[in-house]
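S.K.: Starting off with a structure, shown below.
The values are calculated or read from the model by the stated rules, or taken from the named source; none is laboratory data. Please read these numbers as outputs of a predicted model, since none were measured by experiment. Cβ coordinates were reconstructed from backbone atoms using ideal geometry, including for glycine residues, and neighbour counts include every protein chain displayed. Note: accessible area is taken over every heavy atom of the protein model, side chains too, but ligands, DNA and RNA are not part of it. Shrake-Rupley method; radii C 1.70, N 1.55, O 1.52, S 1.80 Å.
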Amino acid sequence: MGDKQIRNVIIEIDNVAKTFGQTKALRGVSATVRRGEVVVILGPSGSGKSTLLRCINALETPDSGHIIVDGISVMHKRTNINAVRAEVGMDFQQFNLFPHLTVLDNFMLAQRIVRGRGKAEAEQIARQQLKHVGIPEKADSFPGQLSGGQQQRVAIARALAMNPKIMLFDEPTSALDPEMIKEVLDVMISLAKEGMTMVVVSHEMGFARAAADRIIFMDQGAIVEEGTPDVFYTTPKEERTKAFLSKILK
């Protein structure tokens with residue numbers, strides 16, 4: 001990797017291992033993500049995809065190895081992990097919205113606590129981000145009044161309101177009805193085009209093909225293969241990758 005590429009790396013994962021009981025979730029995983037890059041992580045259930053994502057944001061602590069996010073060691077005991085998380089937005093399968101708060105209040109809470117913004121500024125940013133994801137009219141609604149696709153778009157917009165440098169997505173469409181998936185993927189494709197650094201765990205092959213700069217394929221806690229979508233889908237090298245794609249791509 002050249003000097004320019006090294007300087008451009010925003011996430012560095014080095015030989016990370018994680019075990020839950022007798023299960024080796026991650027087996028010495030190493031990877032990098034560059035600024036503005038969209039990396040999609042594919043693989044069967046239990047391959048370690050979500051665990052790796054959660055380690056990046058320190059929601060899980062690796063047993064060994066190193067993770068550096070924007071120059072900061074996530075695993076160093078002196079690291080203020082909340083400062084790291086403030087720069088890394090995360091969107092989950094479940095929307096994690098407070099049901100008793102309106103959409104607008106859901107937005108404003110974290111902005112005021114973590115970013116220290118005043119009420120007027122937080123509200124302005126919230127309304128901007130709701131417009132960004134196409135549902136400005138939902139500001140005064142409660143989460144229970146929204147469809148699943150709308151709730152997920154609110155969750156994405158809420159994360160964006162914190163002005164993160166990186167967005168992590170953990171299977172954001174897996175809890176949605178099929179007709180709602182496209183509206184969420186359209187928002188994510190728009191973010192990718194705007195240059196947001198994104199790491200996405202997903203089973204959405206169309207999204208990976210359309211938006212990913214690079215695909216990482218994992219199985220049994222290890223990276224089996226990685227490459228651009230064109231190469232990954234048309235000329236995979238590893239037999240395990242070929243077997244996976246043969247089942248997924250009909």
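S.K.: Being assigned to a helix (DSSP H, G or I), hydrophobic (A, V, I, L, M, F, W, C) and under 21 Å from ALA212 (Cβ atoms) is the filter here, so list the residues in region 165-190 that pass it.
M.R.: Within region 165-190, ILE181, VAL184, LEU185, VAL187, MET188, ILE189 meet the criteria.
S.K.: I've got another one for you. Taking region 14-65 on its own, how many of its residues are part of a loop (DSSP other than H, G, I, E, B), among the polar types (S, T, N, Q) and buried (at least 17 other Cβ atoms within 10 Å of the Cβ)?
M.R.: Residues that pass the stated criteria total 2.
S.K.: Is region 210-221 home to any residue that is within 23 Å of GLY89 (Cα to Cα) and without any contact (Cβ under 8 Å) to a residue 40 or more places away in the chain?
M.R.: yes
S.K.: Among the residues in region 143-164, are any assigned to a helix (DSSP H, G or I), of a type in the set (S, T, N, Q) and touching a residue at least 40 places away in the same chain (Cβ under 8 Å)?
M.R.: Checking region 143-164: at least one residue is assigned to a helix (DSSP H, G or I), of a type in the set (S, T, N, Q) and touching a residue at least 40 places away in the same chain (Cβ under 8 Å).
S.K.: Give region 191-232 a look and list any residue that's part of a helix (DSSP H, G or I), open to solvent by less than 30 Å² (accessible area, probe 1.4 Å) and more than 19 Å from SER47 (Cα to Cα), or say none.
M.R.: Those that are part of a helix (DSSP H, G or I), open to solvent by less than 30 Å² (accessible area, probe 1.4 Å) and more than 19 Å from SER47 (Cα to Cα): LEU191, ALA192, PHE207, ALA211, PRO229.
S.K.: Return only the number of the condition from (1) under 30 Å from ARG240 (Cβ atoms); (2) hydrophobic (A, V, I, L, M, F, W, C); (3) touching a residue at least 24 places away in the same chain (Cβ under 8 Å) that VAL74 does not satisfy.
M.R.: That leaves (3) as the condition not met.
S.K.: Then there's this: Quick one: THR173 ticks every box in (1) buried (at least 19 other Cβ atoms within 10 Å of the Cβ); (2) modelled with pLDDT of 90 or more except a single one, so which number is it?
M.R.: Unmet for THR173, out of (1) buried (at least 19 other Cβ atoms within 10 Å of the Cβ); (2) modelled with pLDDT of 90 or more: (2).
S.K.: Right, something else. What is the residue count in region 66-85 for residues that are exposed (fewer than 14 other Cβ atoms within 10 Å of the Cβ), among the polar types (S, T, N, Q) and not in a loop (DSSP other than H, G, I, E, B)?
M.R.: Summing the residues that are exposed (fewer than 14 other Cβ atoms within 10 Å of the Cβ), among the polar types (S, T, N, Q) and not in a loop (DSSP other than H, G, I, E, B) in region 66-85 gives 1.
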